[in-house]
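Each reported figure results from applying straightforward, stated rules to the coordinates on display, with no laboratory input. Worth saying up front: this structure is predicted, and the values here are computed from it rather than measured. No Cβ is skipped: glycine too gets one built from the backbone with ideal geometry, and neighbour counts run over all protein chains shown.
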Amino acid sequence: MMQTNNQYTEEDQINIIEIIFTILSQRILIISSLIVFTLFGITYNYYHHDVFQTNATILVSEDQSDPSSFINNNEYQFLYNNKLENKDQASIFKSTLILNQIAEKLGVNYRYFKKNTWTANKLLTKESLPFEFIFKETISENRCIISYDNENVVIKINDSRFSFSKNKSEFENSIFAYKPKFLNYTSSDAFIIHQFDKNQTIDGIKSSYAVQESKNSNTYDISYSGPNKELNSKILKGIVDGIKENNLSEKKNIYKLSINFIDLRISKLKTKIDSLNYVISSFKISNGVYMPESQTNSALSNLNDIEQKIFKNSLQSELSVKLLKEVQKQTSFELLPTDIGIENDNINQMVFQFNKIILEKNNLLVDATEKNPLVIQSQNQLIDLRSNIINSLNIYINKLKMKLNRYEDYKRKSNSMVGVIPIKGAKLANLERDLLLVNNLHSYLSQKKEEALISLSSLESNIKLINEVDYITETKSNKSKTFAGFLFAGLALPVGFSLSLFFIRTFFVDIEYLKEKLLDINFLGVVKFSKDESSSENKSLRSELLKRIYHNLNILIPKSEKGTSIMITSCIKNEGKTYTSFNLSTFLASIDKKVLLIGTDIRNPDLPKLFNEKKMDFKGLTNIINDPKNDFKELFEKYKITNNQLDTLFVGTKPNNKFNMYESEKFDALISYLKKKYDYIIFDTPPILFMVDSLELLKKSDYVIHVFRKKFSPKKIVNYVMDYKEKYNLKNVGYVVTDDSKPDRFIDKYGYGYGYGYGYGYGIK
């Protein structure tokens with residue numbers, strides 16, 4: 001293993017003193033940056049509006065009309081134990097439906113400012129303006145400036161200008177209407193008015209409006225932020241009122257639905273009562289019968305009691321069947337009538353809960369889609385609840401049928417007891433009983449309607465405002481923190497820049513560092529590369545630099561009758577060895593040298609990419625060495641690629657065996673053969689620090705060129721070059737530096753007369 005020295009550790013150490021001096025060297029930049037950002041901070045705070053947050057707390061109490069509150073140890077209680085989660089309620093509070101109502105009611109689609117010259121424009125409320133102003137049409141955004149001179153009011157709207165006398169009581173055209181309220185303003189006053197469309201207004205309210213959910217109670221902290229306290233309070237009060245009104249409106253809709261249902265039944269019963277009265281009156285007149293005999297009173301009383309029970313159960317059955325049909329005919333979930341007279345608490349409670357969930361779902365759908373998890377949850381609840389309602393109604397109807405069958409049997413037995421009653425008297429009695437039953441039903445439904453009307457008139461929202469909106473107002477803006485942020489940015493940017501320079505200078509190589517460390521290794525020159533390789537300026541510069549490298553190589557490489565092999569390597573990937581190999585080969589070919597470029601990087605062959613070849617499985621060196629044929633001359637001619645007088649042999653297919661082919665006799669024979677054909681053979685090798693293959697090529701190369709990349713190659717790898725030079729007793733070793741800096745900077749630094757002391761500016765040490 002190669003020896004390493006203590007310089008590795010020393011290079012990794014950070015000199016605090018050097019860091020300080022590096023930062024101090026940029027003191028002019030730091031002071032300038034602080035001055036600039038201080039001015040920015042002062043200007044920003046001067047023109048920036050303070051932002052105030054206005055808070056309120058609302059309480060959502062338990063709805064007293066909720067039938068679930070009367071449930072006690074009921075087997076169906078679980079059906080109603082699904083109160084809105086806090087997050088669901090919060091989403092309803094922020095629904096677009098409510099905010100849209102607020103926007104239209106309060107007219108907050110306008111913003112009013114008093115124009116200031118040296119400070120930020122002051123945001124005003126509509127009430128504080130000395131005039132009334134409205135736009136008669138709404139576009140994406142309307143803007144006007146109202147100013148005054150000695151005699152006139154001047155209004156500029158977008159690109160239009162209007163002027164009229166101050167003495168006018170009002171001014172109106174097709175675009176706007178203006179009406180002064182008082183004249184206590186000066187000629188220097190100017191006002192700016194912005195009008196926004198509905199979507200912009202609602203988006204603006206949403207961005208400034210927040211709802212904080214409570215985990216332990218049914219309270220919600222709501223807030224509105226803006227630069228004007230009065231406007232904040234106005235909007236927040238409007239939001240609270242809108243929430244309460246929406247909540248109350250939902251309750252009223254359910255009661256109104258029930259009242260309409262009862263009204264329809266009462267109307268039908270009134271028609272039936274009128275019909276029965278007419279039939280009874282006609283029967284009495286035509287048959288001379290007005291009352292059954294007294295002896296039949298007892299039997300008829302018993303029969304009447306049975307008839308009452310039959311009627312009551314029939315009524316319940318009828319109402320239940322109608323409700324069942326209402327539920328079954330729904331193709332989508334719609335509100336159901338409540339309190340229609342069904343004497344079954346479980347069914348009534350389920351209908352109430354069904355309506356409640358529908359309203360909650362509709363609120364969610366204002367801002368959400370059908371795919372929203374909360375909407376899906378409500379949908380599933382409605383499906384389950386509708387199924388339970390249908391099942392409960394069927395069970396209840398079947399029980400009523402059983403009771404009716406029993407009562408009908410009792411009725412038949414009672415009828416046998418009144419067989420002595422005259423037929424006409426019995427018929428009259430039946431008619432009168434029917435009338436009584438219908439009248440009782442009419443009275444019952446009328447009572448239910450009155451109860452519903454009383455409940456409707458006394459309905460209250462279960463949402464209460466706990467604290468006054470105006471009293472809890474706090475400033476969210478913090479100008480001192482903002483100013484401190486500007487100062488920090490003014491200091492951090494130049495210091496960060498200084499530290500970047502220190503880091504680059506401390507940890508990565510440059511030419512001065514390499515010249516200092518590699519005293520026994522020849523510096524050959526610089527290889528320039530850039531993103532714009534086709535630029536004529538870059539081509540000219542690159543050609544000149546390669547000419548200097550060739551000049552230095554021509555001096556250093558011993559003269560020989562056979563070709564010269566040059567190994568181009570680096571310690572790590574992306575230092576530019578393949579780029580250097582390709583461009584040096586291309587340059588040598590351009591000056592009529594016979595050149596062969598050989599790729600030797602089996603694991604990561606980059607050479608084909610420089611030939612715009614996307615495939616990486618080209619046959620080449622490995623295929624020649626591993627081919628069982630001994631005629632490698634024929635194979636070479638087969639696999640070589642000729643392009644612009646440059647021959648190239650790619651590394652070839654990755655071999656299955658793991659032996660080092662560069663140690664084989666066949667490789668040595670191939671190189672001996674090629675040296676007779678070419679002036680230069682250039683090996684593009686894998687990184688020498690990690691690949692053993694490259695170390696074997698050191699012995700078989702006439703000259704070794706090590707590539708470093710400026711501001712990329714770590715300083716700690718430099719000593720490795722000295723190590724392998726000493727270990728393998730290499731005499732002919734040089735290095736080049738690749739550089740991707742901008743051409744103008746590069747020319748300034750590496751142009752003619754740079755001063756490396758030999759030839760055209762770069763020389764040998």
Self-check item: Estimated FRET transfer efficiency when R0 is 41 angstrom, pair LYS539-ILE42 (beta carbons, to 0.05)
Solution: 0.20
Practice problem: Quote to one decimal, in nm, the extra length available between ARG143 and LYS727 on full extension: 0.36 nm per residue of separation minus the C-alpha distance between them. | Solution: 202.1 nm
Quiz item: Of LYS105/LYS126; LYS105/LYS361; LYS609/LYS677; LYS654/LYS699; LYS270/LYS448, which pairs sit farther than 19 Å apart, going by alpha carbon to alpha carbon?
Solution: LYS105/LYS361; LYS609/LYS677; LYS654/LYS699
Quiz prompt | Residues SER581, SER32 arranged by fewest to most Cβ contacts within 10 Å | solution = SER32, SER581
Exercise. Starting from the Cα-Cα distance between GLU561 and LYS256, subtract it from 0.36 nm times their residue separation and give me the gain in nm to one decimal.
Key: 98.6 nm
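I want the antiparallel fraction of DSSP beta bridges within segment 521-750, as a percent rounded to 5.
Values: 3 of 33 bridges.
Here the share of antiparallel DSSP bridges comes out near 10 percent.
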Quiz prompt | Residues ASN158 and THR219, FRET efficiency given R0 of 51 Å [Cβ-Cβ distance, rounded to 0.05] | solution = 0.65
Practice problem: Would you please give the residues with an amide H less than 5 Å from that of GLY620, counting only those at least 5 places away or on a separate chain, with H modeled from the backbone geometry? | Solution: GLY652, THR653
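For LYS371 and ILE17 in the same chain, what is the full-extension length gain: residue separation times 0.36 nm, less their Cα-Cα distance, in nm? Mind showing how you got there, number by number?
Numbers: separation 354, 0.36 × 354 = 127.44 nm, distance 6.24 nm.
Full extension from LYS371 to ILE17 adds 121.2 nm.
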Quiz prompt | Inter-label distance, nm, simple model (7 Å from Cα along the C-beta direction), LYS700/PHE182 | solution = 10.2 nm
Quiz prompt | Spin-label pair GLU151/PHE508, simplified geometry with 7 Å Cα→Cβ offset, distance in nm | solution = 7.2 nm
Quiz item: Once both labels are modelled 7 Å past Cα along the beta-carbon direction, what's the LYS573-SER128 spacing in nm?
Solution: 6.5 nm
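Listed here are the pairs LYS573/LYS716; LYS577/LYS731; LYS619/LYS731; which of them are more than 22 Å apart at the Cα? Write down the numbers at each step before the final one.
Values: LYS573/LYS716 15 Å; LYS577/LYS731 20 Å; LYS619/LYS731 34 Å.
Violating the 22 Å Cα-Cα cut-off are LYS619/LYS731.
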Self-check item: Rounded to whole Hz, the Karplus (6.51, -1.76, 1.60) HN-Hα couplings of segment 630-645, x for glycine and proline
Solution: 8, 7, 5, 5, 5, 5, 4, 5, 6, 9, 6, 10, 10, 8, 6, 6
